[in-house]
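S.K.: Pasting a structure here, questions to come.
The values are calculated or read from the model by the stated rules, or taken from the named source; none is laboratory data. Since the model is a prediction, treat every value here as computed from it, not as a measurement. Please note: Cβ atoms are built from the backbone with ideal geometry, for glycine as well, and neighbour counts cover all protein chains shown.
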Amino acid sequence: MSSNSRVYGIVPSKRLGRSLGVSPIPFKTCTYSCVYCQLGRTTNFTVKRQTFFPLKVFEEELKGFVKRHRYDFDVVSIVGEGEPTLYTPLDALIDLCKSITGKPVVLITNGSLFWSEKVRKEAKLSDIIMPTLSAWDEKSFRTIHKPHKNLSFQKVFEGLKKFRREYSGEIWLEVMLVKGLNDFALEELKEKISQVESDRVYVNVPVRPPAEGWVEPPDEETIEKAKELFNAASIETPAASRFIAAGEGIDAVLNVIKRHPMNEEEVRDLLTSQKIDPKPVLEKLRSCKNVKIIEYSGRRYYRYTTAE
């Protein structure tokens, strides 16, 4: 598989274990342009749902990957390079993932399209839904998420609550805390979180290079206070486990960083697991026009970007 594959990973996750990623959306096609997004700024703003890739593409790639790595992953995560609920038919894609892998399917979404009855109906086939709720009013919504002009906080929030009433599976709500943007409004966030009635709440903070360089995580005291106040199950931390990727060498690295930036230690570990010398691959990455190198929190990260 090349770096253009729709199936990628396996990505280690504290919450999900070993996650096989499925990306049904072109690079940075999204309803938001969140200031904290680890993939950078959105380049294709839209709320129009499309069949960006035919189901046959996912079928072929999933079958090939499962044949080689059936026992190497725990769940299938539909996420990737943009907002996955923009893909239609989402229900057919979820069903395909389940039938080929025999694993639970997790939909990782910003939750911005649940006001649509069709989106809610299609998404309900997932075993777990992981939406985002990091704002509490229109001003915070626009500051943090920089949404498409056709979206409003109330529209998105009411859609999320409606989905909860209709969905019998588990909702694991993620609250992304950003210093100076929402870490001072924990009580306001708690009030909104309680209305969603999710099965779990996860407090998350930016741990990989964000879209906007000024974005920082809150201090530890605030994080702990939020976890207690929200009754949060855990906090996301940088992955310490080993990645498994489709392809080999630089293709394997590109296959992952297009959806999940990696630090240099993770890149070295991935290549070493493939019995490939990391040095020449790292040299290629540093000269690749589609790779941006970012120093963040004392580590060097590799992020995919569109060539300028």
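S.K.: Look through Ile25, Ile108, Ile100, Ile94 and report the one residue that is touching a residue at least 40 places away in the same chain (Cβ under 8 Å) and surrounded by 20 or more Cβ atoms within 10 Å (Cβ to Cβ).
M.R.: It is Ile25.
Results for (1) buried (at least 19 other Cβ atoms within 10 Å of the Cβ); (2) over 15 Å from Ile78 (Cα atoms); (3) under 21 Å from the mean Cα position of the chain (by Cα), shown as yes or no for each residue.
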site: Trp115; (1), (2), (3): yes, yes, yes
site: Lys124; (1), (2), (3): no, no, yes
site: Gly159; (1), (2), (3): yes, yes, yes
site: Ile171; (1), (2), (3): yes, no, yes
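S.K.: To continue, here is another question. Suppose the filter is closer than 20 Å to Pro210 by Cα and out of contact with any Ser or Thr (no Cβ under 7 Å at 6 or more places or on another chain); does Leu133 pass it?
M.R.: Yes.
S.K.: Moving to a separate point now. Are any residues in region 1-40 polar (S, T, N, Q) and closer than 21 Å to Trp172 by Cα, and if so, which ones?
M.R.: Ser13, Ser19, Ser23, Thr31, Gln38
S.K.: Write out, first by first residue and then by second, each pair whose Cβ atoms fall under 6 Å of each other, whose residues are 6+ apart or on separate chains, and whose first residue, in region 112-128, is under 18 Å from Ser168 (Cβ atoms) and among the aromatic types (Phe, Trp, Tyr) while the second is assigned to a helix (DSSP H, G or I) and at pLDDT 95 or above.
M.R.: Correct list of pairs: Phe114/Arg120; Phe114/Gly159; Phe114/Leu160; Phe114/Phe163.
S.K.: Still on this model: Among the residues of region 179-215 satisfying the criterion of being in contact (Cβ under 8 Å) with a residue 60 or more places away in the chain and not in a loop (DSSP other than H, G, I, E, B), which is farthest from Cys34 (Cα to Cα)?
M.R.: Of everything passing the filter in region 179-215, Val196 is farthest from Cys34 (Cα to Cα).
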